[in-house]
Each structure stands twice: as C-alpha cells, then as structure tokens.
Amino acid sequence: MTATEVDGVAVIADEPREAPFRDKAGNVVYQPQTRVLTLANGTIVYGCLHCSYTSANPNSVRPHLARHNSRRKTNGHGPDSSLNLPLAELMDRLDKLAAVTEDRDAWKARALNAERRLKQLRTALGVRE
Ligand SMILES: [Zn+2]
C-alpha cells in the first residue's frame, strides 16, 4: 500500500503522476503506479502504488516498480525469462553455436591431419618415440 506518512509527516494528498510526455492527441498521460504525495508540511515526494516506498526523485520510482513486476513473473504464471528472448535473438544464438561447433570440427580434423603427418615424418626420419 502507498505510504501514508513519510518520516512521521502525514501524506495529505495522493495523486497519480503526470508523465513528462503527452499522448499523440496532446492529452496528459498519467503514470498511476507513481504517486505524487503531498505531505502535511508541503513537501512533495513520489511514492509507489504498491508499497510504502517513497523518493524525492520521481525518476527513481519507475525502476523501483520493476521489483513488483519481477515478483509477479516468478510466481509460476509468468513466462520464464529465457523464453522471453525475441525469436531473432534465439536464431542468432543458434547460428553462433553452429559456427562454434563447425569451427571445433574443422580444428579437430586439422589436428588429426597434423598428427598423422608428424607420425609419417618420424617414420621417414627413423625417429622412435
Ligand atoms: Zn513499491
């Protein structure tokens, strides 16, 4: 629940924050999860709709709201974070994995070749291991 007092000073007004931008039609946009709290001593602070978090900086409320969102995601109903990757990024990762695998196979073939040639050289030079 939104704070009803800050450092012992009562909150006397609780309003949704007006966003610093307007919608396409030029109307005021509200950020209802960010509360503009007027205290009894006239101070204005910014609060969270969901808990008693308050800050003098309106821009610190939105990052704070992520805490409430992530809690919702981990309760078993939200999608797993690794499944939230856009398809394009998943395809990109698969491509990289395939490239690394190909690269590894190519190096393995080269190593086996080098080993064989070394063995031939040793035989030709009569070097015993
Ligand atoms: Zn909060």
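Roughly speaking, to the nearest percent, how much of the stretch 14-58's 1.4 Å accessible area is carbon and sulfur? List each step's numbers first, then the result.
On the way: 1360 of 2630 Å².
Carbon plus sulfur share of accessible area: 52 percent.
Compute, for the stretch 1-74, the length of the dipole vector about the Cα centre, with Cβ point charges of +1 (Lys, Arg) and -1 (Asp, Glu) only. Units Debye, rounded to 20. All intermediate terms of the calculation are to be shown ahead of the outcome.
Numbers: 9 positive and 6 negative charges, 108 e Å.
My answer is approximately 520 debye.
Cα centroids of the stretch 93-129 and the stretch 1-75: how far apart, whole angstrom?
63
Would you report the distance distribution of C-alpha pairs in the stretch 85-125 as whole percents per 10 angstrom bin, up to the bin with the largest distance?
27, 25, 19, 15, 9, 3
For a Förster distance of 25 Å, can you work out the FRET efficiency between the beta-carbons of ARG62 and ASN27, rounded to the nearest 0.05?
Working: r = 20 Å, r/R0 = 0.81.
Plugging the Cβ-Cβ distance into 1/(1 + (r/R0)^6) gives 0.80.
Would you mind computing the Rg to Rh ratio of the chain from its alpha-carbon coordinates, Kirkwood style for Rh? Intermediate values should be presented prior to the final figure.
Numbers: Rg = 31.0 Å, Rh = 20.6 Å.
My calculation of the ratio gives 1.50.
With every protein chain left in place, what is the accessible area per residue of the chain in square angstrom, probe 1.4 Å? Kindly include the intermediate steps, with their values, before the conclusion.
On the way: 10100 Å² over 129 residues.
For the chain, the per-residue accessible area is 78 Å².
Taking every pair of alpha-carbon atoms in the stretch 1-42, give the share separated by more than 14 Å as a whole percent. Mind dumping the intermediate values first?
On the way: 456 of 861 pairs.
When all Cα pairs of the stretch 1-42 are counted, 53 percent exceed 14 Å.
Among SER60, ALA98, ALA13, which residue has its Cα furthest toward the positive end of the charge dipole of the chain, with +1 on Lys/Arg Cβ and -1 on Asp/Glu Cβ?
Farthest towards the positive end: ALA98.
The values are calculated or read from the model by the stated rules, or taken from the named source; none is laboratory data. A quick note: this is a predicted structure, and the numbers were derived from the prediction, not measured. All Cβ positions, glycine included, derive from the backbone under ideal geometry; neighbour counts span all protein chains shown. Calculation scope for accessible area: heavy atoms of the full protein, side chains included, ligands and nucleic acids excluded. Shrake-Rupley method; radii C 1.70, N 1.55, O 1.52, S 1.80 Å.
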